[in-house]
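Below is one structure, written out as structure tokens; the observations come after it.
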Amino acid sequence: MNVLWLQSGGCGGCSMSLLCADTADFPAMLKSGGIDLLWHPSLSLASGRELVALLEDCRDGRTRLDVLCIEGSLLRGPNGTGRFHVLAGTGVPMIDWVSALAAVATHVVAVGSCAAWGGITATGPNITDACGLQYDGDRPGGLLGADFVARGGLPVINVAGCPTHPGWVVDTLMALAAKLFVADDLDPLNRPRFYADQLVHHGCTRNEYYEFKASAEKPSDLGCMMENMGCKGTQAHADCNTRLWNGEGSCTRGGYACISCTEPGFQDPGHAFHQTPKLAGIPIGLPTDMPKAWFVALASLSKSATPKRVKSNATADHVVVAPAVRKTRLK
Amino acid sequence: MSQRLIVGPFNRVEGDLEVQLDIADGRVTQARVNATMYRGFEQMLAGRAPLDALVIVPRICGICSVSQSVAAARAIADASGVTVPPNGVHTINLMLACENLADHLSHFYLFFMPDFARPVYAQRPWFAEATRRFAALAGEHARAAVAARQRWFEIMGTLGGKWPHTLSIQPGGSARAVEAAERIRLLAKVREFRAFLETTTFGAPLEEIAALDSEAALQRWHAADPLRGDLRLFLTLAADLKLETLGRGPGRTLSFGAYRQPDGSHALADGVWNESLGRVQPVDTGAIREDATHAWLAGDEALHPSEGLTAPMLDKPGGYTWNKAPRLSGEVVETGAIARQLASGQPLIRDAVARCGANVYTRVLARLVELARVLPMTEQWLTALAPREPFFHADRLPADADGVGLTEAARGALGHWVSVRHGRIERYQIVAPTSWNFSPRDASGTPGALEAALEGAPVQPGEDTPVAVQHIVRSFDPCMVCTVH
Ligand code: SF4
Ligand code: SF4
């Protein structure tokens with residue numbers, strides 16, 4: 001399966017993340033999965049004219065393009081000209097290259113939240129008029145339009161995340177290569193369901209603190225970060241705390257809040273990232289699927305039942321009260 | 001015969017890059033460097049809550065994300081006056097070193113060396129060996145390096161939660177305290193990376209490399225076992241191709257100082273190395289100006305970054321890049337590992353640069369020497385951690401404050417300048433390492449460091465992407481996404 005990977009209005013972090021894929025031999029893993037990298041910005045030899053010739057061959061049908069991976073937002077500005085990123089050596093705006101190549105590709109994959117929704121590049125005034133391949137924030141549309149369907153029959157596959165997890169990309173590409181990826185494998189935002197049907201909250205090491213609403217008050221505290229520190233783990237679709245990052249990591253394990261980087265519009269939460277917005281002392285963003293009244297009732301009950309151990313450790317950077325050692329056998 | 005070539009896209013650099021070359025008699029006579037993409041991070045930051053910078057700036061660049069976080073955290077710490085506890089200093093240095101050393105490794109194995117497996121070198125005696133070790137997506141050592149890098153980055157998983165784009169780096173220290181048992185596991189990871197470097201990259205103990213004190217000593221070491229380890233193979237082909245004649249730097253290098261210690265000193269000292277004087281001068285950040293004469297950006301006056309301005313102006317006459325031209329006391333400087341090794345007095349790099357200047361050979365050598373010097377430091381920092389002592393101090397940022405955050409990314413000197421007014425960011429300016437190295441001409445018409453380094457580069461008949469130009473460009477390890485941001 002021929003894969004072409006191009007970058008535009010992003011930071012290159014999804015490519016750097018990809019290289020952290022958990023394997024003893026990265027090129028061998030791709031090869032054995034049936035993935036043939038036609039070109040990748042950090043990995044391939046071809047430069048300059050050699051690459052331009054390859055792009056022309058793909059565009060004009062001389063080279064089969066099975067998967068077009070785009071990393072980074074699509075910069076439509078200024079005034080729709082795309083001149084905020086003109087592909088070097090070609091004089092042609094990147095958005096025009098992407099549109100032409102998407103038209104001939106069997107599958108189009110948006111690697112990361114920039115290519116999926118616009119992402120960080122679209123934050124604030126969005127002076128570059130950045131958007132995603134098939135979304136503009138949470139609105140269908142983007143560069144290719146809401147009705148775009150790639151030749152293989154699927155819309156743009158949004159492997160969203162900022163950066164995206166190497167496992168999400170590798171699993172998606174391998175499933176495509178094995179022809180094991182169908183429309184039903186996409187969630188309502190066209191993200192692969194294998195990771196988007198999970199919440200970051202699942203498997204978070206702070207879950208005991210969450211249960212008792214024993215909350216962190218400052219960075220480095222061990223407690224749950226939902227009440228004060230802006231954590232959106234109970235709403236963010238991703239498996240970050242079960243499929244870990246770089247060995248044993250995740251945002252919440254690294255001591256900071258999930259900012260829901262897999263969700264459209266995460267870059268403009270409408271509040272400071274590190275603070276939980278509240279109304280009458282209750283966080284505005286409640287856990288997915290949970291009615292507010294239930295949350296309020298459970299929270300006040302659990303707060304009144306918080307063990308001293310959990311309460312003390314929540315505002316410390318290491319365990320100050322260890323679980324009690326019982327003298328009898330555990331029952 | 002003269003001609004003009006537009007060369008690009010370059011790959012195995014971070015981001016998109018175009019170079020326009022004027023060529024006469026088989027040599028480059030003039031070069032213009034175009035950073036082709038603009039995103040506008042400085043404009044994104046204005047008006048936001050100050051700590052939002054910690055979310056936004058790492059996303060300038062996926063390859064130097066931690067460096068951007070460190071610069072932002074320091075700028076805000078400078079504005080609030082908070083001090084970082086020693087544990088926080090050490091863990092943040094560990095994260096920075098993790099990223100910087102991984103970048104040196106990626107540069108050598110993935111970005112720079114694959115060009116020596118190009119068919120144009122098929123007749124050279126070292127070609128088969130270079131191809132076996134370094135060919136893109138196939139070379140045995142390049143593949144082993146990707147695997148070693150993946151394991152090495154597990155240090156970031158523990159300390160930073162993930163890489164790139166951590167939020168554990170805060171103005172008051174690290175949000176992730178390290179337990180005693182975790183320290184043991186982290187030390188084991190460092191030793192694993194050391195084993196890769198000592199076996200594959202150097203074929204020698206790191207301390208032996210760091211102790212090389214002259215080019216004569218380097219040559220003796222090389223001659224003793226010419227194919228053992230990748231540094232020796234690089235020395236073999238560098239001598240054969242005379243890489244020291246390619247890509248001469250401006251003769252001045254800048255380092256802001258790397259790995260600041262709890263006592264305020266730097267593990268690798270700061271300084272401006274002046275080749276003609278043969279000595280280090282202090283860094284005067286007050287003498288930095290950014291000139292937008294040849295950028296597609298508004299403003300004709302060269303401004304200090306604390307007063308800087310970034311506003312796109314696509315049809316600006318004379319503009320040919322999105323990058324501004326930073327200058328130090330009006331002069332072009334080069335930054336990177338070579339600047340850090342010169343400023344901190346590493347004798348081999350000083351000796352080599354005294355003989356042949358900053359060039360393709362010495363830039364790559366400096367990066368490898370830095371790998372050998374810094375990895376043992378990470379072992380010391382881990383050992384110095386005091387588990388159960390604080391890693392973080394809380395701070396309160398005044399509603400009106402200004403701050404500067406300086407650090408060293410893998411590619412060199414990185415500075416952030418922030419002004420906070422009424423509790424919001426009013427101005428944020430970033431000067432990145434490749435902004436220096438790949439700057440355009442300034443108001444006086446003086447070309448930037450790469451532009452000048454390309455002058456005189458050989459172009460063989462029929463070459464449309466000259467291989468010498470590719471070596472020179474990649475010897476700087478450019479990061480174009482940082483350059484413009
Ligand atoms: S810190 Fe976030 S993800 Fe973890 S338990 Fe609390 S709300 Fe859930
Ligand atoms: S934990 Fe949240 S912010 Fe962190 S990577 Fe996962 S979805 Fe993104």
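Observations on the model:
- The number of residues in the range A:194-205 that are away from chain B (no Cβ under 12 Å) and within 13 Å of ligand 2 (Cβ to nearest atom) comes to 7.
- Filtered by the rule that a residue be of a type in the set (Val, Ile, Thr) and not in a loop (DSSP other than H, G, I, E, B), the range A:259-302 gives A:ILE282, A:VAL296.
- Applying the set (1) surrounded by 24 or more Cβ atoms within 10 Å (Cβ to Cβ); (2) at negative phi to A:TRP97 leaves exactly one unmet item: (1).
- Matching residues in the range A:259-268 - criterion: being near ligand 2 (Cβ under 6 Å from one of its atoms) and either aliphatic (A, V, I, L, M) or more than 10 Å from chain B (Cβ to nearest Cβ) (or both): A:ILE259, A:SER260, A:THR262
- Test: residue in the range B:429-439 that is assigned to a loop (DSSP other than H, G, I, E, B) and either charged (D, E, K, R) or under 21 Å from B:LEU241 (Cα atoms) (or both): no
- Answer residue from the range A:271-287, given it is out of contact with any strand residue (DSSP E or B) (no Cβ under 8 Å at 6 or more places or on another chain) and modelled with pLDDT of 95 or more and is nearest to ligand 2 (Cβ to nearest atom) among those: A:PHE273
- Conditions (1) within 10 Å of chain B (Cβ to nearest Cβ); (2) touching a His at 6+ places or on another chain (Cβ under 7 Å): number failed by A:ALA88: (2)
- Filter pass, B:PHE111 being touching a residue at least 60 places away in the same chain (Cβ under 8 Å), more than 9 Å from every other protein chain (Cβ to nearest Cβ) and among the hydrophobic types (A, V, I, L, M, F, W, C): no
- Of all residues in the range B:225-266, none satisfies the criterion of being under 30 Å from B:GLY173 (Cα atoms) and in a helix (DSSP H, G or I).
- So B:THR199, is it more than 14 Å from chain A (Cβ to nearest Cβ) and not aromatic (Phe, Trp, Tyr): yes
- Residue count, the range A:220-258 (criterion: in a loop (DSSP other than H, G, I, E, B), more than 8 Å from ligand 1 (Cβ to nearest atom), within 11 Å of another protein chain (Cβ to nearest Cβ) and within 20 Å of the chain's Cα centre (by Cα)): 12
- Residues of the range A:290-309 that turn out to be within 30 Å of the chain's Cα centre (by Cα) and within 14 Å of ligand 1 (Cβ to nearest atom), as a count: 3
- The residues in the range A:175-200 that are part of a loop (DSSP other than H, G, I, E, B), within 16 Å of ligand 1 (Cβ to nearest atom) and buried (at least 24 other Cβ atoms within 10 Å of the Cβ) can be counted, and the count is 1.
- Within the range A:183-193, considering residues that are within 16 Å of ligand 2 (Cβ to nearest atom) and out of contact with any Phe, Trp or Tyr (no Cβ under 8 Å at 6 or more places or on another chain), the one nearest to the other protein chains (Cβ to nearest Cβ): A:ARG191
- Among residues of the range B:380-419, those that are of a type in the set (A, V, I, L, M, F, W, C), part of a strand (DSSP E or B) and crowded, with 24+ Cβ neighbours inside 10 Å, counted: 6
- Test result for B:GLN68, at pLDDT 95 or above, closer than 15 Å to B:ALA432 by Cβ and of a type outside the set (Val, Ile, Thr): yes
- Unique match (being within 13 Å of chain B (Cβ to nearest Cβ), within 16 Å of ligand 1 (Cβ to nearest atom) and farther than 21 Å from A:GLY33 by Cα) among A:GLY119, A:GLY124, A:GLY161: A:GLY161
- Of the candidates A:GLU217, A:GLU208, the single residue that is more than 14 Å from every other protein chain (Cβ to nearest Cβ) and either away from ligand 2 (no atom under 11 Å from the Cβ) or not aliphatic (A, V, I, L, M) (or both) is A:GLU208.
- B:VAL272 meets the conditions (1) among the aliphatic types (A, V, I, L, M); (2) touching a helix residue (DSSP H, G or I) at 6+ places or on another chain (Cβ under 7 Å); (3) in contact (Cβ under 8 Å) with a residue 60 or more places away in the chain in every case but one. The failed one is (2).
- Only residues that are assigned to a loop (DSSP other than H, G, I, E, B) and either near ligand 1 (Cβ under 10 Å from one of its atoms) or surrounded by 24 or more Cβ atoms within 10 Å (Cβ to Cβ) (or both) were counted across the range A:201-219, and they come to 10.
- Filtered residue count, the range B:114-133, keeping only those that are under 21 Å from A:LEU38 (Cα atoms), free of Cβ contacts under 8 Å to residues at least 60 places away in the same chain and out of contact with any Asp or Glu (no Cβ under 8 Å at 6 or more places or on another chain): 3
- So B:ALA79, is it within 11 Å of another protein chain (Cβ to nearest Cβ) and of a type outside the set (D, E, K, R): no
- So B:ASP442, is it modelled with pLDDT under 95 and either more than 26 Å from the chain's Cα centre (by Cα) or buried (at least 23 other Cβ atoms within 10 Å of the Cβ) (or both): no
- Long-range neighbours under 6 Å by Cβ, at least six apart or interchain, first residue farther than 19 Å from B:PRO347 by Cβ within the range B:214-227, second surrounded by 13 or more Cβ atoms within 10 Å (Cβ to Cβ) and charged (D, E, K, R): B:PRO226/B:ARG232
- Enumeration of residues in the range B:2-50 that are surrounded by fewer than 21 Cβ atoms within 10 Å (Cβ to Cβ), without any contact (Cβ under 8 Å) to a residue 60 or more places away in the chain and facing chain A (nearest Cβ under 7 Å): B:ILE6
The values are calculated or read from the model by the stated rules, or taken from the named source; none is laboratory data. Nothing here was measured: the structure is a model prediction, and the numbers come from that model. Ideal geometry is used to build each Cβ from the backbone, glycine not excepted, and the neighbour counts take in all protein chains shown.
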